[in-house]
Structures are given as structure tokens and as C-alpha cells.
Amino acid sequence: MTGSLAATLAPQATALTTLPATGAAHAAWLLLAFPGFGALVLLLGGKRTNKWGHWLGVAMSLAAFGYGVALFVQLLGLPASKRGLDLRVFTWIPAIGRFAVPLGIRIDQLSICFVLLITGVGSLIHIYAVGYMAADPDRRRFFGYLNLFIASMLLLVIADNYLALYAGWEGVGLASYLLIGFWFYNPAPPVAAKKAFIANRVGDVGLSLAIMLMFAQFGSVSFDGVFSQVHSARPGTITAIGLLLLLGACGKSAQLPLQSWLLDAMEGPTPVSALIHAATMVTAGVYLIVRSAPIFNLSPDARLVVAIVGAATLLFGAVIGCAKDDIKKALAGSTMSQIGYMMLAAGLGPVGYALAIAHLLAHGFFKAGLFLGAGAVKHEMNDEVDMRRFGGLASAMKITFVTFGFGYLAIIGIPPFSGFFTKDPIIDAAFAKGGTSGAILGTAALIGAGITAFYMTRVMLMTFTGKRRWDDHAHPHEAPPIMTSPMVILAIGSLGAGAFLMLANRLIDFLAPVVGTPPLSHGFFSLISIASLVLVIAGAAVAWLIYGRRDVPVTAPRGSLVTGAARKDLYGDALNESLLMRPGSWMTRLSVYFDNQGIDGLVRSVAAAMGGSSGRIRKVQTGFVRSYALSMLIGAVLVIGALLLVKL
Amino acid sequence: MSNFPWLTVAGVVPLVGAIAIGLTPGQSAPGGPADRRARDLLVKRIALVFSVITLAITVAMAVQFKIGGPRFQFTQTYQWIPQFGVHYAVGVDGIALVLILMTTVLMPVVVLASWNDAEGAGNPVGSAPPRRSIKTYFILMLVLETMMIGVFAATDVFLFYVFFEAMLIPMYFMIGSYGVGQRQYAAVKFLLYSLLGGLLMLVAVIALYVYSTSGGRPGTFLFLPLTHLVLSATVQKWLFLGFFVAFAIKAPLWPFHTWLPDAATAAQPGAAVVLVGVLDKVGTFGMIRYCLDLFPSAAHYFTPLIIALSVIGVLYGAIVAIGQADLKRLVAYTSVSHMGLITLGIFAMTSQGQVGATLYMVNHGFATGALFLIAGFMISRRRSAQIADYGGVQKVAPVLAGLFLIAGLAGLALPGLSTFVSEFLVLVGTFTRYEAAAILATAGIILAAIYILWMYQRTMTGPVKPEVASMPDLKARELWAVGPLIALIIVLGVYPKPIIDVINPAVRATLVDAHSANPVPPHPVNNRFVVTGLSSATSSSTQNGSNP
């Protein structure tokens, strides 16, 4: 069965090869140049650019967005099969043997979705940050890093080969590192930043090995090249490539077992959490899997592992989200969980690729909106993030409350909000996979929907309703318009994006030439989506019983064993500590000891060896009876002796 | 200009500079402190001017290098000791050319950065004062430059050996007389290790000459004729080992590395840059030039062992680096790791591996050079090399911290910076032949992230320590010294093509001599995809590097 599936899918998936760029795509490098220029000016310009630097950052992001829209319009004007455009900007690595890597840009249906998401949501968050970071003396540096992030992220999604993708991939890792550690003068952010980079590097090992394996097998690292030949490789090799790509995706997208860095990453300023650690960068793993569809199509095993990782993480993140009192960490757990849904969808293969992207785009809106709302609250509450010290903020911050509420309804999937249109089809598709695995994956996704409703209702109730639990120093009122207007736009997206993308199969049809066409779904009000709605309402009701009906205690109750575990991120850090960090530190100490102790012993043995071996050498020489050789040797020894005698 | 003796002139100019410095009035000349200061300044300026002139000459030479021309260019051959077939013969292939350029770029940078090092003013508290004069320090440096150019330019094995050994002398004094901490111990250790290797090589060099006389031919030390020498398998193995051990100590390859951390820690930062940036490369250069070309079958015989040692070096150097408490020592151990990658690339015997390894030699010189120099700037301010004595430096010296971060990121081979291209080429070139070795070495990129970022975290971030609160940011001189290196790290990361184009033909010639060809992928893609996509289909056939 799998063989025939592969046979039918392979030609379809490789049907779309790219054509030389035309029209606006001729200058697609501008997408990188705008934010790249911004970053350069802001980071090299120093204090001179303090006054206007943030506006330059906003302008460069908006310029990239404007150019992205122009490209999108150009693509819409082309026939569906001719929407893959390729532009070779310059030769990055010239041909060495078969290995040749240009900086090539690929504008197609998949990459343009990401370009619009990154630059669109990115620009909104730039604007928001002008207000949010207004009091920070380092605001210019912040915008420099943000622009650097936009440029790297765009490179990641528009690269036409895996190595250039990898450059963007590590570039966003650097931007993430710099932004998590933005307040470097405090003790916690630098540690969190380093942790994020190192966890990502573990994933990067997987991605780089995947690229090497592709080159060793096919002699190419370009998408078109690899996809044109992948079907001829042995199944085991294809699965290996798929799993290595998945390892990379797990690092970047905070999926099990490389999830633990994301919660710590909340040390970064909130706009960063919204843009990088919710809407865009952390979804790069999903992009990688979907972009590599022709590889995963040929390996049911690799797909199954992707789906299992997604299903496990969606539950894992949701459970953590239930126990966190820090509003940003609760949302971070939720991000892990939602990306788990996308991974699950991507692991379902051609049935799910487009669904993964749809949920990714919708999630970009509502999760960015939720984070910006949380940022507005934090901003007004003197940087307090403990929800047990919030309460009753709805009346003080009406716009924030309403926009956050839209995001809330979207993420739990109440029709007609976004999540309903993008999450339920994933649950549907998981069940439709059939067999034991389909039932298990589907059930996990269904339960996850209930838990999501519980923890998000908890966040909502603890923050905006009930008694005021904040102290007298806080005087929360609505954030300035420069912050609320992006929130309003994202709220509109939370309401409408899902329906817009999914109704009339808009996105599915648009993406079909790149990722294949899924079988027709059976409408949005299937038995499963009704079951999902029931669970959502049940989850919300339980949350209301605990956090709505009763007062929320300011200090956290001890809670059950599960709560305790969830508060500790389900022992993710404890596991890393005992499995990796402690043995690693032992090994380091042992190696240093060995190296230091070895020194003196080695020197002695070297000295001994010199005395012994020169004798042997002399014997060898006399064998050839070349007297000059011996004289040169004596000369050399004299030089040594002279050097050693000269006082230093 | 085609017959202009470029290499000889480039080699002689620093020597002339050294003589000029020697002619300036010394410490004993009459005059007060102000006169002495003026004399010191003159010495430094002469050193800077002559190193810049040398750089200009080598750049002028490089632009005339013909890609696709003869293997060795700018050649000159004169008889030196006719009785033994010794020649003064120089010439460069692409590999030697880029290494000479790296050397001549680094020298003015090092002179500028070491402006006050010879006084010992910035040494860690408790260090002994320098034993010799400022004048001597810069003379040693310029003499060393002559020898470094000579060692890369020599195309006569004996001439190469002479430079190879002579290089030790100035470096020995630079460490032993001007260094910090246990400088004498470190200098003697450096000398003993190097001489042990040198003696083994000397035996092999002489034996090579003896074998070249077989069959009644006049013996020779010239490199090109020697590549055609037919040697029995056993002889090849012994001679290979003679050369290889010398180079492995120089590089240094694990487990011959233990002299390096001591020497680099004891040396002044500028001297450490020359030591790790250039002298180490003489070892890896020797491997790719002499071990592979002269003894191909022995090289193949020993390859599994060398690959294993390289991989151990990559991981071991990185793990030990993580555990270091001293800034310079940490950087020295990262070099052990990186040199392991370079030898890995050389002995993978693929064009990607060897081009990557050669490119890595250049990039590592710049990246580690920048790291050592900026660490030196910090040490001269805080008067301590201990990582634990720093904290929060980014707050008080943001420019210093920013450049240190870029140099550090080059150390962990971040894409966009020069080291990434070379590191990935080495790994991919290794992977096509030795998967397991490449997988293990790739795991090293995690360790690299740990040692760099942890060092950065401990020194630059967190609350500002009171001892560093008044630390000034980089001065103009320091910025002029290290700025060009940072710029090169970035430019060569984005556009390494000019250097790769120069290296490519030289590596192809080496692989031919070494009887090696790239493995052919089992499922090669249609040629039009080799260089990505349709738009480039036409240019892929014109690329000059298509080595099957």
C-alpha cells in the first residue's frame, strides 16, 4: 500500500520545478536587502542613530512587506503550474567537484506564504515595539537585532537550496540568541540565550548531516536537484534523511526532545516572544518538513515519527501550559503545543501539509496577538508576569481585553474564529489516517483541544476577571495606540484568517502544486469537530469552576503530583541535567585533568625519546654512508644546545 | 613584470625592515626617557611600515596569479649547493599563495596590536618583565615574517626544511623572553617538541635525496621532480612518517598538541596569533603539499589512523576547551579542535575536504587571530587572563564585546562568517568517504557553541563586576588592528569565491598526485541541477571545478 502511495505521489510532488524569475521576482534579493540594510545601519551606526533608528527598523520591515505583496500579486497573475520562480543572486560557493551552492532565491506558493507572514506580522510587531521599548535606552540595538532576524528568516524561507536555508536557519538562531539575551546585564537572560542556542545546535547537527547525506547520495543540495532524484535512493536512506531533518526541526520548533529552551526564552522582551518564539522562527521546523515534502512522501516511517513527535509535544506543551503562573510561560507552553499540531499535520503527509501551513498562518496571527496582549499587561503592571498577581484587568484595559479575547477564542477553536477552521481539520485528518496509529494520534489531538481550552480559559480568567490581586504600585490603564493598533489588526486576523484560508479551499488549492492535493474533507461540522467542540466547552467549564467561580489565591497551592511536574516543565530540564549536563561536566573535568597531568609526563617522555631516537637515527644514517648527513644532524643538535643555553 | 622576483622581494622586505630597526640607536644611546620613548616609537613605525609594504607586494603579486595557469607561478630556481642538488627554488601554487597572503595580512595587524606588548605594560599582575628590548621584539617579528613567507614559497624540499627549522628561533625568543607566566618552560617545551619533529623530518629529507640519486641520476631536492620519484611501499611509509610526525607536532594533531596551550598562553597575544595563526598552518600545509604529493600510497595507508586522530582531536580539543579557566588557554584548545578539522579535510582525499581544509587554514588564521587579539586587549586592561575575573564587560565596552562576539561566532562557524564555508566543506567532503568520522566531527559544532557562548556569557554579560567597571572601550589603534580581520571574516563568509577559485586547481593537482578522486554519488542528479535550478543550467558547464 505504501509503495503505491509513493508511486502516485512522487511524480506529482516533483512536477513543479522552478522557472527563471521574471517581473518583480527579478529583484527578489531586495527582500533580504531591506532588513539587512536596516540591521547594518543600526548596529554599526551606534548612538548616532538612536533618535530615528527604530523608525528605520520599522520602515525596512514595511518595505520588505510591500515588496512581498508585489511578489504575491505577480504569482497570482501566473498560471498555477508556473508559480515557482528561481533567482540566482550570486555564487556563494563555486563548484568544488560537484559541490556548488549559489545564493539562490525561490519564490513559490509556499515561500510567499511565509514571506507575507514574516514581514506582515513582523512589521506589526516592529510598530508595537516602538511603544513597548520606548523607555529602553538600547531601543536602537533592539531594532537592529529585529531587522537582522527578519533578514535571516526571509533567507530561510526563500532559499532555493538546503545550504542557504541552513544559513538562514542559523541566522535566526543568532538573532534569537541576541534577543533573548537582550537585557544581558541581568543574570538570567544570557543563560537562557545560551541554552536556546545550544539546544538549537543539537538540532542543527541533524540538519547539517541531512544536507551531507543528500550531497553524498545525489551530488546536489538544491531543492530541485534533490527532489528530482530522491525517488531513486534506497528507502532506508530516504528515512534517514527524513529523520535527520526532523531532528533539525525539533531543535528550531521546540519539539520533544529538544523543547526545553523555549520556556526559558521568555526572558527576552515580549515583542521578541511574539515574533520569534511564537509567530515565525519556531515554526521554521514545520516549514522544513513541508518544504521537504518530496522526501517525506517517500518515507512513511519518517512521516510517522514526525506525527508522533507532534502528537506527544502537543500534549506535553498543553500540560505545561496548565500549570504555569507566569503568563508568558503559559503562552510558551501553548506555542509548543500548537506547533505540535502543525507537526502532526505535516506528519500525515500530503493530506496534512496544507493543513499544517494553514494552522501555522492562523497561529501566527492569534499567538502574536496573545503575546502582544500579555506584553501590554506586563508593561502596565511594572513588569509583573505572575497571573496570580493580576485579576480584574478587563475594565482597566478594555482594548487589550477584547483583542486578547479574540486570540483566546481563536486558539481554543470556537467558530467562526481562526482555530476552529485550522485545528479541527488536523484532528479530522489524524483520525482519517486510519488504523491504530490514526486512532491514537487523533485521540491525542482531540484531548489536546480540551486541555488547550482549559489552560487558555485559565489564563483569561486569572488575568482579566475576578478580584484585583495587584498591589498599590500598579496603575494599569490602556497601552498607547502605537501598541494597541497592531493588537487590533492581529485580533481581526484571529477572527478572519482561518475562515479566509480554509473556506473554498483557498489555501489548499493555492499550495497544491508544491505540496500535493489532499482528498476532499468532509466539511467543517463533522462528528469529530463536534466532539472537539464538546471537549473545548468541557475544558473551559472546568477552568471556570476552578479559577472563575472561586477567588484565585495569590500564592500557588501545592497542587497534585501532576501539577508539580508540569510546573517543572515535566522534568525536561531535570532530564537534560542528569543525562547530559552532569556527565558532560564530569567528562570535561576528567579531560582537563588528563591533559594537564599528561603534560609533564609527555615532556619527560619526549626528552627521553630524543636521546634514544637520535642514536637510532645515526645508525640509519651510517647505513647510507653520507657523511654530510651526520654533519647536518650534529649541526642541528648544536643549534638546539645553543638555543637552550642562551638565557631567556 | 612577469619575471619580477615577487616572492624573493616579498621575503626580503621584512628582513630589510629588521636590519633598519637594528640600525636605530639602542637602549644604551644617550638621552632621557622622552628620547627613549621616541626611539621605541620609531622602531614600531618601521616595523609597521615594512609589514604594510610586504602586504602590498604580496597583494600586487596575487592579482597577477593566473587561475588555470601553471601549477607553480612566480617561480625562480637558482643552484645553491650544487654538490647535493640543493636549490634556492621558490614558487607558489594556489594553496601557498593564499597562505602567504594570510601571513602578510596578519603581520601588520599583529604589529599594530602588539604596540605595547614588548614593554610588558599590560601583562597580568605578577608577571616577570621582558628580558630583552623592544627593538629586539620587532626585529624578531620581521625576521619571522621572512621565514614564514619562505616556508610557504619554497619549492625545494631542503630549502623548505631550512625555513621550517629556522622559524623556531625567533618564536622561541618571542615566547621565552617576552611572555607571561611560565614562559621559559613553555618556550623550551615548544622548542623540544618542534625539534624532535624537525629531526625526524631531516632524516626523511636526506633519505629522499639519496633515493633521488638511484639509478645514477643526479640527486635533487626540487619538489616537482621528487613527485615523480618511484619509491617502494616500505620506504614511502617510513619517509611519510618522518615528514608527517614533524607536521603533526607543528599543526598540532592530537596527541602531539600539549605544547600548544602552554606556548600560546605564555606568549604575548600578538605572538600567539603568529604561533597559532601561521606557524600551525605550516604543519597542515606540509601535510597537503609534501605528505600527499611525495608519498601517495603511504598517505592512503595511514589515512584511517590520521582520520581517527583528527576526529579525536576535534572532540577532545573542544571538550578540554570548555573546561578552561584562562582566556588564551581556552582559545588555544579551540585551535586544537579546529586543526583536527583541517587534517580531517586533508586526509578525506576529496576536493571538498581539501579545498575546505585550505580555506580553513586561512579563515582560522583570521578568526583565531581576532579572538586572541581581543582577548589580549581585555587582558591588558584588567591585568588578568582569568575568565572568572571578568563579567558584564559588554555594558562598559560594547564595541570590544561586539567584535569579540563576532570573532567568537566565527569560532563556532556561524554561517555568514568565513569559517562556516570551510568547516562545512571539510565535513561534507569527509562525509562522502568516511561517514562515521564526519558524523562524530559534526557533533563538535555543539561543543563549539558551548565553549564560545559560555566564555562570552561569563566575561561579557551579567552584572558589571566592580573591577571592570572602569574598563575603557577599544582605542583607535586597537580598532584599526582588529577591524580588518573582522571585516575579512564577514566578507569571506559571504563571498569566498575568489579564494576558492585560487585554491581549486591546486587541490586538483594534489589529488591527481595522491591518486585520489571524489566518490561518485550513487544517484547523481541530472547535470542541470548540479548548480541549482534551471536559471543556472548554462553556467554549470562552464564551472571549472567539475572533478568527477
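Given the options A:GLY242, A:GLY251, A:GLY310, name the one that is more than 26 Å from A:GLU380 (Cβ to Cβ) and within 14 Å of another protein chain (Cβ to nearest Cβ).
A:GLY251
With the condition kept exactly as written, say whether any residue in region B:37-49 is more than 17 Å from B:MET107 (Cα to Cα), of a type outside the set (A, V, I, L, M) and surrounded by 13 or more Cβ atoms within 10 Å (Cβ to Cβ).
Within region B:37-49 (the criterion being more than 17 Å from B:MET107 (Cα to Cα), of a type outside the set (A, V, I, L, M) and surrounded by 13 or more Cβ atoms within 10 Å (Cβ to Cβ)), the answer is yes, since at least one residue qualifies.
Considering only residues that are of a type outside the set (Lys, Arg) and assigned to a loop (DSSP other than H, G, I, E, B), which ones fall in region A:425-456?
If the condition is that a residue be of a type outside the set (Lys, Arg) and assigned to a loop (DSSP other than H, G, I, E, B), then A:GLY434 is the only one that fits.
Given the conditions (1) among the small types (Gly, Ala, Ser); (2) closer than 22 Å to A:LEU43 by Cα; (3) buried (at least 24 other Cβ atoms within 10 Å of the Cβ); (4) within 12 Å of chain A (Cβ to nearest Cβ), report the number of the one that B:ALA407 does not fulfil.
Result: B:ALA407 fails condition (4) only.
Got a sec? Which helices (runs of 4 or more DSSP H) wholly within region B:311-398 have at least 3 residues that are free of Cβ contacts under 8 Å to residues at least 24 places away in the same chain?
none
Checking the conditions here, which among B:VAL125, B:VAL52, B:VAL92, B:VAL63 is under 30 Å from B:SER214 (Cβ atoms) and not acidic (Asp, Glu)?
B:VAL92
Of the residues in region B:415-451, how many are in contact with a Pro (Cβ under 6 Å, 6 or more places away or on another chain) and either within 7 Å of chain A (Cβ to nearest Cβ) or closer than 20 Å to B:ILE322 by Cα (or both)?
Selection size over region B:415-451: 2.
For region B:315-328, how many residues meet the condition of being facing chain A (nearest Cβ under 10 Å) and over 16 Å from B:ILE446 (Cα atoms)?
2
Mind listing whichever residues of region B:153-193 are free of Cβ contacts under 8 Å to residues at least 60 places away in the same chain and closer than 22 Å to B:ILE100 by Cα?
Answer for region B:153-193, where residues must be free of Cβ contacts under 8 Å to residues at least 60 places away in the same chain and closer than 22 Å to B:ILE100 by Cα: B:TYR161, B:VAL162, B:PHE163, B:GLU165, B:ALA166, B:LEU168, B:ILE169, B:PRO170, B:TYR172.
Check off (1) within 13 Å of chain B (Cβ to nearest Cβ); (2) within 30 Å of B:PRO463 (Cα to Cα) for A:ASP264 and give me the number that stays unchecked.
Every condition holds for A:ASP264 apart from (1).
Would you mind stating whether A:VAL101 is modelled with pLDDT under 90, out of contact with any Ser or Thr (no Cβ under 6 Å at 6 or more places or on another chain) and under 30 Å from B:VAL507 (Cα atoms)?
no
Can you pull out the helices (runs of 4 or more DSSP H) entirely within region A:285-388 that have at least 2 residues that are more than 23 Å from A:GLY168 (Cβ to Cβ) and touching a residue at least 40 places away in the same chain (Cβ under 8 Å)?
In region A:285-388, the matching helices (runs of 4 or more DSSP H) lie at A:300-323, A:327-347, A:353-380.
Scanning for something under 25 Å from the mean Cα position of the chain (by Cα) and among the hydrophobic types (A, V, I, L, M, F, W, C), does region A:461-478 turn up at least one residue?
Checked region A:461-478: no residue is under 25 Å from the mean Cα position of the chain (by Cα) and among the hydrophobic types (A, V, I, L, M, F, W, C).
Any idea which residue in region B:383-404 is surrounded by the fewest Cβ atoms within 10 Å (Cβ to Cβ), counting only those that are more than 10 Å from chain A (Cβ to nearest Cβ) and in contact with a Pro (Cβ under 6 Å, 6 or more places away or on another chain)?
Among them, the one singled out is B:ARG383.
Hey, B:GLY94 hits all of (1) within 14 Å of chain A (Cβ to nearest Cβ); (2) closer than 24 Å to B:ILE374 by Cα; (3) in contact with a Pro (Cβ under 9 Å, 6 or more places away or on another chain) but one; which does it fall short on?
(2)
How do the helices (runs of 4 or more DSSP H) wholly within region A:139-219 filter down when requiring 2 or more residues that are buried (at least 23 other Cβ atoms within 10 Å of the Cβ) and at the interface with chain B (Cβ under 7 Å from one of its Cβ atoms): which remain?
Passing ranges, in order: A:162-180, A:188-218.
Just the residues that are touching a helix residue (DSSP H, G or I) at 6+ places or on another chain (Cβ under 6 Å), at pLDDT 85 or above and not hydroxyl-bearing (Ser, Thr, Tyr), please, taken from region B:209-222.
Across region B:209-222, the qualifying residues are B:VAL210, B:PHE221.
For residues in region A:95-129 being within 14 Å of chain B (Cβ to nearest Cβ) and either aromatic (Phe, Trp, Tyr) or without any contact (Cβ under 8 Å) to a residue 12 or more places away in the chain (or both), which is surrounded by the fewest Cβ atoms within 10 Å (Cβ to Cβ)?
A:ALA95
Could you please find all residues in region A:434-469 being within 15 Å of A:GLU380 (Cα to Cα) and buried (at least 22 other Cβ atoms within 10 Å of the Cβ)?
Result: A:THR463, A:PHE464.
Go through region B:452-501 and give me each residue that's surrounded by fewer than 22 Cβ atoms within 10 Å (Cβ to Cβ), of a type in the set (A, V, I, L, M), at the interface with another protein chain (Cβ under 10 Å from one of its Cβ atoms) and touching a helix residue (DSSP H, G or I) at 6+ places or on another chain (Cβ under 6 Å).
Hit for region B:452-501 is B:VAL464, nothing else.
Can you name every residue in region A:220-239 that is surrounded by fewer than 24 Cβ atoms within 10 Å (Cβ to Cβ), in a helix (DSSP H, G or I), facing chain B (nearest Cβ under 7 Å) and small (Gly, Ala, Ser)?
A:SER228, A:SER232
The values are calculated or read from the model by the stated rules, or taken from the named source; none is laboratory data. Values in this document were obtained by computation on a predicted structure and should not be read as measured data. When we count neighbours, we look across all protein chains shown, and the Cβ atoms used for this are built from the backbone with ideal geometry, even at glycine.
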